[in-house]
C-alpha cells in the first residue's frame, strides 16, 4: 500500500510528546497476540489477522514510533502456511524498511543471539546492508515457539523473520537437551539495551515456556536476568507470554514474582485488552496487557474493543495511550437463560419454534449492536481525518442457558439464516445448562483443569478441538497392540505432530522408542531366552514409560527439594535479581579498569546531564501516567545510589557504557565505516541521519 | 562463515577476462538443481545439498561475478522444511548482500513481476533499502513450482526468498484458472534486460511446466517472448527447466524448438553436468546444462563430477568455464554381470557366500576409486591455494546383473559391513536381470513410460517411490465405496498432497466434488425420485470424472486442431518469435515519438560505440568459446541490420533505451534520490560506488 512518506502524517495530531523533550523520549508501538493465520481458510474471516497486523504497522508509521514491541504469538500456527509467512514478510518489508532515521542507539552487543556461523548481527538495524526504518522486537508465544532439532537447533517462525532481517527476535530460550541439563539450566534473560538521548531502556524478553516450568524456575531462583550495574537508572521492560489468569496450580505465573528493578511488564498471551497499566500489590512495577489483535475464540474477553498501545518513555516515566484498531471486525457477545426468558416473555419452553423465534430476535439485536459499534468507531476515525472503511460482517455469539429445555434445534442450521449478515453463522449459538445440572462435566474437568472443556463459552467445534490426545492414543494403541510404543511418549509425539505441525515427531518417537527398547532388551539379557522375551520387553517398556512420565513432570517435581513452595513465593520476589558480574555477564570488559563505586564517576563528561535526567531510581516507583502531560517532577533526589557489591577482578561495564558507548558500538560490528553515520545520529541527536544509509542523494 | 572481504581473493587468479574489456564483460555464476533439502534427515548426507549451495555462493564471491543464475529446483521439497529455508536465507544474506558495487544496469522495468499491493520492486538491487552485492536470478523447477490458491495466488519457495529481497524470481507462469483460460493463455516470457558497458543481456526465464504442456505451447506458437526490437543486438539467454532426454512422446522438450534470437539456453532439470556448450542442429544457439549440485539418485549421470559454470559474456561472444565443486561427496558407479564374473573368476553361481565375497571386493574397489578421486581433487585445490578439506564418505553404487542366479542375499544387510566407509550403506547394491529375462516388466513400462520403474539403476526404495498413485487410489476408493469422489480427481488431489505437501488438497477436492455432485443431482432432477437417485448420482459422477480426465489432458488434446503435429515441429522453430509491439509489450512508451527504423538513429550519442561493439547479429551464430582468450575478431560487418517491420502507432522503446536509460530507471522507482549513486556507477563505470548506499562514512 502506501509508503512511509511524510504525507501520511498530515492531519494526524502528533502523539503527546512527553515533557517536551522528544530527543529523550522513546516512542514504542506495543502489540501482541496477532495470531496471524488464525482461521485463514475461512472465506469471510480468513484475512482478519493479517489485516489487523497491517493496521498495526500502519499505525506505527503514522505515529512515527521508534520501534514496535510484540509479546508473542505473532503467528497462530507453529508452522505458518506459505501464504501467511509470505504476507507477513511482505508487510514487514513494506512498512518497517525505509529511510526513517533510527534514533535508538543499541548499547548491548548486536551479536548477542545472532545466527551461529553467520556474520550478520542479531539486531537488524545494526546490519549495514539493511535500511531499517522501524525495528520490530518480538518474543515468541506458545503458538509460535521453537520446535525441531535440525542442524540449526529448534527454530520457530520468528527465526525465519529474524534470519532475513525483518524482525529482532528476543527471549529465545534454550531448551534443555537432557535431564541433567534441565536440572542445571534455568532461564537466562539477556537484555537489549537501548538509549535515546538521556533515556536508557532495557528490554528483557522471555518467550513462552510451559507455565509449570516458568513457575518452577521463578520459585527456584533460576531466572537469571543479566542487568547492568546501574539497573535502576534504566527503564526496564519485561516481556512475557504466559497465563496471567490462574487455570490451576502452577498453570499461571503470579504477577508479583518478578524483579523489583522492572518498571513495566508487557504481558502477552491473555487476549483481553487491558492496556491501562495496573499496579501490582507490594511491587514497584506495573503490568500492561495489550491483548490480541484478532479474536481467536468467541469468549467474553475477546469482545472488548481491540487496541494497541502507544508507549512513551522519558527517563523513568512512562505513558500508555490505547489506540483502537478500527479495522477489526466488531464482536458482541451476550447470554440468555431460556427458562427465565420464557417466563418473562411468556413463551412455551417446549415449543422449538417459539424458542427459535426468540433467539433470532436476540441475535438480530446483537447484530445491530455490533453494527452500531462499527459505525461509531468509523465516524470517530473519519472525524479524525481517516478514510472511511466499508463495514465488515460482525462476529456475534449468544450463549444460551438451556436448563429445563427438553429439545433444542440444530445451532448450525439456526445460523444459516444469518448468512451474509454475520461473520460466524455456523457457531453463533452455544448451549449450556446452568451449574446445578452441569455436574456431569466434573470428571472431565478434573482430568484436564487447564482445558475447561465444559466452558459454556465454547462451541462444539471449540470443545472438540480440546479433546485430550492421550486418551485417544491409549485406546488406539491398545486396539492396535502397539502398546510397546508407550502411551505417554506416543501421545507427546502426536501432540507435537498436531499442535506444532512437526511432520517427523511420530517417526522420531517410534525409532527412538524401538532403539531404546532394543538396547534395554540387550542389557537385560545378553543371551535372551526366547521364552522370556515377552517379559523382558514388557519390563523395559514399563521402565521407559516411567522415564517419560518423569521427564514430563520433571522440573516441578524433581526440583521440589530446592525450590520454595508456593507459600514462600513472596520471599522469592526478587529472586531474579542477579549480580551481573556473577554469571558471565555481557557487560564485562576486563581490559578496562573501572571504579568500584559510583556510576557517575566513570563518566565525568556525562555526569551532570545524566543525573539531572534520572528522576526515579532505587526502590522508588516508576511513574505511570495514562495520557497525561504532567511532567514537572522530573528532578528528584538522586543520592542513595544502590550499588551491588562489585566482586573482585570484575569491572563494571554498565557503569562505563554511557561514556564509552561509541567505542563499544564500533567494536561490536565488523562493518564500522558504513555504520558511522547512524552512531553519530544517535549521539548527536541529528534528527535526519539514517542508520548506515546516507541521505546525500536526496537531491 | 567468512565475509566477502577482499582478502578472500588473495592467491586466486582472476577469471580470464574476456577480450580485456572488463567494463563490458558480464560474469555470471551458472548453477542449477541444487535440490536443497534432499535427504535432509539422513545423518550422513543430510547437509550435502546445503553445503554444495554454500560452496557455490562462495565461488560466486571468489570469482567476483556480476550475478548468479539458477535454472530451477533450488529446493528439493515443494514446501522445504523450516531448517532448510532458514539455512538458504541465512546463506543468501551472508554471501549476496554487501558493499560490492552492482555493475549490471537494469533496463527493463524493476516492477515487472513485483508483489501485488506492495511498493518494493521485483529486482532486489533496485530496492534502495537493501544493499545487494551479488543478485541471484532464478526460475522455479518441477520440485519447487508454485502451488496453492491463497490470497496471494499460487506461491512457491522462491516467492519466500523473493519477497524478502534475497532472490530475483523470474519465469513464474500464471496457471490457467479454468478450461477457457487454459485454451487462450499460452506462456508469456518477459525478459530481465541488463546492460554492462556495451554488452546488453536479455534473460528469458520460463519456470517448469509439465512437458506435455510446454510441448503443446511450443507447437501451437503460444510461447510469447517479449523481445526488444533490436533483439539480435542483445545476448539472449533462455533458462528452462524441462526434460531434455525423451521419456516418451511429449515427455520432453525438443532442443531445436526455440527462437533463433536466443544465443544460449541454460537447461535445468537434467542432473548430469554438460557445461561445454553444445550446438543444436540447424539452430544458431547453444545449450549448456550445468547439472545438479547434489546427486539425488544413484544413477550414471549423477556420477559425473559436479561443476558450476562461470559464464562470461562480451557483446555477442561468450565463454563457459566449468568450475568443480570440490566439496561434493564423490560418487562412483559400476555394474557387474554375475554369470560372466563367475565364469571368469571361477566361482559358483549357487554359492551365496562366494557371490557376496566377490561383490565385497568390487565395492571395496569402488570405495578406493572414490577416495582417490577425492584425494586428487583435494590435492589440485590445495595446489591452487585452497584449504584442505577432510575426506567425506563416498557414495557407491554397484548394479548387479543377477541373471541365472537363483538366490541373492539381502542387499541392505550386505551394506551394513560398509558402515563408516560409505555414505549409502543401505543401497549400495541394486539387482536386475538382463534384457531377455526382464520381459515381465513390460506391462508396467507400458502403463507409465515416463517413470521407468524397471530401470536397473533404481534401488527398491526408489522404485517404491514411483508407484503410481492412481492405481492405489482406485483400489482404495472401491474398497471404501467412496467411488463418488472420482478416481482421477482424487488421485490428482492425493498427488498434490504428497508431492507438493499441500495439506488442503484432499479436503478441497472432496468439498468441490461433493458440492458439484449436489449441483449436478439438483440439475438432473429438480424433483428427485428417491428410487432413481443412485442412477442420477452415478450419471453425474461419470460426467465429472470425464471432465477431470479432459482437463488433465486438455492442452495437448483439445489443442490438436490448431497445433502442429510433432512432425511439423521443424516448421515451428521460430514460433516463439514475436513482434514485441504486437502483444502489449513492456517496451511501449507511447508518449515519446521514436523513429520507425534504425536502432542507432534514436540514440545518436551512443551510435558509434554501440555499433562498434556488436560483432555478431542477425542470423550469424554467436561465438562460443570454452576457456579461450581469442578475442581479435570483435569488429565485424555491421550492416544488414535486420529490422522487424514496425507496426503503426507503436513506438520502439527498446531502440531508445540506450540513450534514455537513466530516465527510464529513475521513473521506475519512487525512491530515486537514494538510488542515484548506483545508477551513476553503472553508467560511469565508477568501480567503487554502491547500489544506493553511500560509502561516505568509511572514515
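We did not get these values from a lab; they are worked out from the coordinates using the rules stated. Being a predicted model, the structure only gives us computed values, none of them experimental. Quick reminder, even Gly has a Cβ in these numbers, built from the backbone with ideal geometry, and neighbours come from all protein chains shown.
What FRET efficiency would be calculated for the residue pair residue B:276, residue B:365, taking the C-beta separation as r and a Förster radius of 35 Å, to the nearest 0.05?
Details: r = 30 Å, r/R0 = 0.84.
So the FRET efficiency works out to roughly 0.75.
Arrange the peptides B:212-222, A:400-410 so that the one whose residues have, on average, the most other Cβ atoms within 10 Å appears first. Numbers along the way, then the final one.
Details: B:212-222: 22.0, A:400-410: 15.4.
So the peptides B:212-222, A:400-410, ranked by packing, come out B:212-222, A:400-410.
Inter-copy label distances at residue B:364, shortest first and taken from points set 7 Å along Cα to Cβ: 9.2 nm. Across the copies of the chain, residue B:21 has label points (7 Å from Cα along Cα→Cβ) spaced 6.5 nm apart, shortest distance listed first. Inter-chain neighbour count for B:126-132: the average number of beta-carbon atoms from partner chains within 10 Å of each residue's beta-carbon is 5.
Could you compute the FRET efficiency for residue A:343 and residue A:391, with r as their C-beta to C-beta distance and R0 at 30 Å, rounded to 0.05? My answer for the efficiency is 0.25.
For the peptides B:100-108, A:248-256, the ranking by mean Cβ contacts within 10 Å, running from highest to lowest, is B:100-108, A:248-256.
In this simple spin-label model, placing a label point 7 Å from the Cα along the Cα-to-Cβ direction at both residue A:417 and residue A:245 gives a separation of 3.1 nm.
Quick check: residue separation of residue B:499 and residue B:518 times 0.36 nm, minus the Cα distance between them. What number comes out in nm? Can you show the working numbers first?
Values: separation 19, 0.36 × 19 = 6.84 nm, distance 2.95 nm.
Result: 3.9 nm gained on full extension.
Extents of segment B:23-64, taken as max minus min of Cα coordinates on every principal axis and listed largest first, are 46, 17, 8 Å.
Neighbouring Cβ atoms from other chains, within 10 Å of the Cβ of residues in B:154-165, number 5 on average. Applying 0.36 nm per residue to the separation of residue B:404 and residue B:255 and subtracting their alpha-carbon distance, the gain on full extension is 49.5 nm.
Across segment B:377-440, C-alpha contacts under 8 Å between residues 6 or more apart give a mean separation that, scaled by the residue count, equals a relative contact order of 36 percent. Across identical copies of the chain, residue A:281 has label-point separations of 9.3 nm, listed in ascending order, with the point defined 7 angstrom from Cα along Cα→Cβ.
Extension gain for the segment residue A:356 to residue A:116, taken as residue separation times 0.36 nm less the Cα-Cα distance, is 80.2 nm to one decimal. For peptide B:89-95, what's the mean number of Cβ atoms from other chains within 10 Å of each residue's Cβ? Average neighbour count from other chains, rounded to a whole number: 6.
If packing is taken as the mean number of other Cβ atoms within 10 Å per residue, what is the order of A:197-210, B:264-277, highest first?
A:197-210, B:264-277
Ordered by the number of other Cβ atoms lying within 10 Å of each residue's own Cβ, fewest first, B:62, A:54 fall into the sequence B:62, A:54.
Rounded is the label for segment A:6-327, because the ratio a/c of its alpha-carbon gyration tensor axes (a ≥ b ≥ c) stays below 1.5.
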